[in-house]
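First the structure, in the form of structure tokens, and then the observations on it.
Rule-based calculations on the coordinates, nothing more; no lab input. This one's a predicted model, so the numbers in the text were calculated from it and none came from an experiment. Glycine gets a Cβ as well: all are built from the backbone with ideal geometry, and neighbour counts include every protein chain shown.
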Amino acid sequence: MNVNRRHLLTGTIGAAAVAMAASACASEDGGGDGSGGKKVGIAMPTKTSERWILDGNNLKTSFEDAGYEVSLQYSNDVAADQVSAIETMVGQNVNVLVIAAIDNKSLSGVLAQAKGQDITVIAYDRLILDTPDVDYYASFDNTKVGTLQGTYIAEALALDTAPGPFNIELFAGALTDNNTKYFFDGAWAVLEPYVSAGKLVVKSGQTSLEQIATENWDGAVAQERMDNILSNFYNDGSKVDVVLAPYDGISRGIIASLQGNGYTEMPVITGQDAEVESVKYIIDGLQSMTVYKDTRELAATTVDMVVAVLDGKDPEVNDTETYDNGNKVVPAYLLEPVSVDKTNYQEILVDSGYIDAKELG
Ligand code: GAL
């Protein structure tokens, strides 16, 4: 049985049910016995973002309910601290490491150590680069995240029919995160033809990944960059019509900048992660959309993978081509992201139990 598939089919079961399913799966498959005394080390990037707190909690509960001992560590977005945290877990003889990397190129040394001890390594959400010592990748279709953001913009501005031109500014995530490129490439493939045709105009001229990246995915960094863009390129009374933002924390930083610069009506602004603050912004008309990635499904997929590997079986994967880490193509299980705005947040986020209506005030 596959926990993830069951979850996808019902679509509405909560984290506790996923955990129960994981537990049932483990015992049915014999993984329950296999997991006796087995330890999992989970390394998450930061607690400053709501999504990683949810990921950590979902993973911990799901693994514990499947009979594993869990060590869960956060490293405040400091790559060297994450390396130390993983070294400590290797020293504690964990059987499995589940890692959402802060810096995708910083882990080769510690993962070589892990492989020396036969520890299974799962790259969680973010691929780990330049090492042979990563076994599987559990994530979402990262290119599609960008496609959904780009398509939302094209439709919101009716780019195929409206005369335009519209002023757009572009933001991307951290260069240390492998997902950043996939998100941007997905969105840019949709938007670039409109830029070439002159229907979208990037007044700042900043279109390369290096120019538009946001260190540590930090909203404050994005806010400062937006402030600079507004004062340098929009001091002639012109307005920003649309902002491509890759993640809700960055979107909120951009919105703070726009508000501070006198915008009373917001441009079209994208996002990702369906963080509660941003869903409230969507309801209030400040942010236009977000891309929802169900962290409960990602946790369930990861538990499935680990149970299979430790049981001596091949875990289910659905992509064996896309994620070349510079050393090998890492077999992946990719889940589907979903575009969410004012029109469907109730159905997708609230009715599914992902966000409690009370949290939205
Ligand atoms: C990415 C992740 C996004 C977002 C971002 C900032 O790696 O895929 O969903 O959370 O990090 O935390």
For Lys39, give me every one of the lysines with a C-alpha distance below 16 angstrom, ignoring sequence neighbours fewer than eight places off in its own chain. Lys60, Lys115
Diffusion coefficient, µm² s⁻¹, Stokes-Einstein with Kirkwood Rh over alpha-carbon pairs of the chain at 37 °C and 0.692 mPa s: 156 µm²/s
Please give every one of the lysines within straight-line cross-link reach of Lys199, meaning a C-alpha to C-alpha distance under 21 Å, and leave out same-chain neighbours fewer than 8 residues apart. Lys239
What whole-number distance in Å separates the alpha-carbon centres of region 137-158 and region 189-235? 17 Å
Along the positive direction of the dipole of the chain (beta-carbon charges: Lys, Arg +1; Asp, Glu -1; about the Cα centre), which of Asn235, Ile282, Thr147 reaches farthest? Asn235
Using θ = phi - 60° and Karplus 6.51 cos²θ - 1.76 cosθ + 1.60, couplings along region 239-245 (whole Hz; Gly, Pro as x): 10, 7, 9, 7, 10, 7, 10
Counting DSSP beta bridges in the chain, what percent are antiparallel, to the nearest 5? 20 percent
Enumerate the aspartates and glutamates that Lys47 could reach by cross-link, defined here as Cα to Cα under 17 Å, with residues fewer than 8 away along the same chain left out. Asp55, Asp77, Asp81, Asp103, Asp125, Asp177, Glu215, Asp218, Asp248, Asp273, Glu275, Glu277
Calculate the dipole size of the chain relative to its Cα centre from +1 charges on Lys and Arg beta carbons and -1 charges on Asp and Glu beta carbons; express the result in debye to the nearest 20. 240 debye
What ³J(HN,Hα) values, in whole Hz, does the Karplus curve 6.51 cos²θ - 1.76 cosθ + 1.60 give for region 118-125 when θ = phi - 60°, with x put for Gly and Pro? 6, 7, 6, 10, 10, 7, 9, 6
Can you tell me the relative contact order of the chain? Whole percent, Cα pairs under 8 Å, sequence separation 6 or more. 19 percent
Of all lysine pairs in region 243-361 that are eight or more residues apart or on different chains, those with Cα atoms under 20 Å apart total 5
Explain nothing, just the number: dipole magnitude of region 133-281 about its Cα centre with +1 on each Lys and Arg Cβ and -1 on each Asp and Glu Cβ, in debye rounded to the nearest 20. 500 debye
Quick query: amide H of Met289 versus all other amide H atoms, modeled in the peptide plane; which residues come in under 5 Å with a sequence gap of 5 or more or a different chain? Ile269, Gly271
Would you pull out the residues with amide H under 5 Å of Phe140's amide H, same chain only if 5 or more places away, H placed 1.01 Å from N? Leu335
Taking amide H positions as placed in the peptide plane 1.01 Å from N, state which residues far from Val121 in sequence (5 or more) or on other chains have amide H under 5 Å from it. Leu97, Asp135, Tyr136
Longest principal axis of the chain (C-alpha) makes with the long axis of helix 248-260 (C-alpha) an angle, in degrees to the nearest 10, of 30 degrees
Convex hull around the C-alpha positions of region 206-336: the volume in Å³ per residue is 138 Å³
Summing -39500 (n - 2.57) over every DSSP H run of at least 4 residues in the chain and dividing by its residue count gives a helix-only mean residue ellipticity at 222 nm, to the nearest 500 deg cm²/dmol, of -13000 deg cm²/dmol
